[in-house]
Structure formats: C-alpha cells, structure tokens
Amino acid sequence: MVPALPNQCWSIDFMSDGLMCGRRFRTFNVVDDFNREALAIEVDLSLPAQRVIRVLERISMWRGLPDKLRMDNGPEFISLTLAEWAEKNGVELEFIKPGKPTQNSFIERFNRSFREEVLNRYAFRTLAEVQAIADQWRVEYNEQRPHDSLNDMTPIEFLLFHQNVENSNLCWT
C-alpha cells in the first residue's frame, strides 16, 4: 500500500558487499515509501541496532520521525534496543513475514537499483569510498531521476508537488 503522506512509513533494510581486500561491509538503507526518497545509505563493517537508531535519529532531525518502520526480521531489527526506541518515539514496527520480500517492495526495488548501479559497478578500496559514492548516487536518485511510479517526477519533485498541493488546499478552506 502506498502511503498518502510523507513519513507515514519508511522501509529499512541491509545489504552487503565486499572491499577489494576481501573485507565485507554492510549498508543500511532507509526509504520513505510515499515518494521513494532514499533518506539514508549508511556504510560500515558492522551496523548494530544502536547504529541503526543513530541513523534514524539523524534523519529525524531534518525530516521528523515516521509513523511506522517496515522491515524484515533481521537481528538488528528484532533487538530490544530498537523496540524500546520505537516505543519511546511512538514509531510502530511492522515486520514482514519471513521469506516474503514483496511485502517490503519499496526498499527491495531501491536495493535492486543500488546493487546494479553502485555495488556491482565499482570495486571499492575503502569504506570512505563506498560512502562517498553511495552519497553521490543517493542525491542523483532523489533529485535527478524521474520515477515511473511518481508520474515521471523525481522523489524530491513529487514531495514538493504534494506539499504545494496540500498548502494550496489550506488556503481555500
């Protein structure tokens, strides 16, 4: 189901890949389901629940918190730490059924694009290099790439369009 407003539901997920030296790294990806905007791509060797919370807090400083987070049943997501944070902040945690990635289709679609256009395309030497390329790609994804599902608007254009419509409706009431 597509949310009617921003921050109603964010989808979150992890991906993994490797550096040229063979060390594995992970990415923590956050997408607003309303406009498919990539809110964060965090890169590190390990991304425990406390780090996930720090990323969500960082996003909330400029975006606010979501009503709901949709995710799989990974160990970082089923942790007591995340559950306590969500309860304290009034954020519902919605877990998809095991083996049903289509229940989290917005992040799965995003992950596929990120895999094809970044992780599979580059040979990374350092985590800093991965983060820099991911950040650059995220800006392009949000600000320069029209999406069919958004009436050929970029995620940012779609968000601004709906904010303008909402504000113009307020003027007429």
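The values are calculated or read from the model by the stated rules, or taken from the named source; none is laboratory data. The structure presented is a predicted model; accordingly, all values stated were derived computationally and were not measured. Cβ atoms come from the backbone with ideal geometry, glycine included; neighbour counts cover every protein chain shown. Surface accessibility is based on the protein's heavy atoms, side chains included, excluding ligands, DNA and RNA. Shrake-Rupley method; radii C 1.70, N 1.55, O 1.52, S 1.80 Å.
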Do we have Leu47 as part of a loop (DSSP other than H, G, I, E, B), touching a strand residue (DSSP E or B) at 6+ places or on another chain (Cβ under 9 Å), crowded, with 16+ Cβ neighbours inside 10 Å and among the hydrophobic types (A, V, I, L, M, F, W, C) here?
yes
Checking Thr81 against (1) more than 25 Å from Asp148 (Cβ to Cβ); (2) among the β-branched types (Val, Ile, Thr); (3) at pLDDT below 90, which test does it fail?
(3)
Among the residues of the stretch 84-95, is there at least one that is in contact (Cβ under 8 Å) with a residue 12 or more places away in the chain and among the basic types (Lys, Arg)?
no
Looking at Phe25, Phe34, which one is out of contact with any helix residue (DSSP H, G or I) (no Cβ under 7 Å at 6 or more places or on another chain) and on the phi < 0 side of the Ramachandran plot?
Phe34
Per the filter on the stretch 1-13, residues open to solvent by 20 Å² or more (accessible area, probe 1.4 Å), closer than 17 Å to Ile96 by Cα and touching a helix residue (DSSP H, G or I) at 6+ places or on another chain (Cβ under 9 Å) are Val2
Do we have Ser16 as of a type in the set (Ser, Thr, Tyr), within 24 Å of Arg112 (Cβ to Cβ) and surrounded by fewer than 20 Cβ atoms within 10 Å (Cβ to Cβ) here?
yes
Residues that are modelled with pLDDT under 95, open to solvent by 60 Å² or more (accessible area, probe 1.4 Å) and aliphatic (A, V, I, L, M): which helices (runs of 4 or more DSSP H) entirely in the stretch 104-173 hold 2 or more of them?
155-171
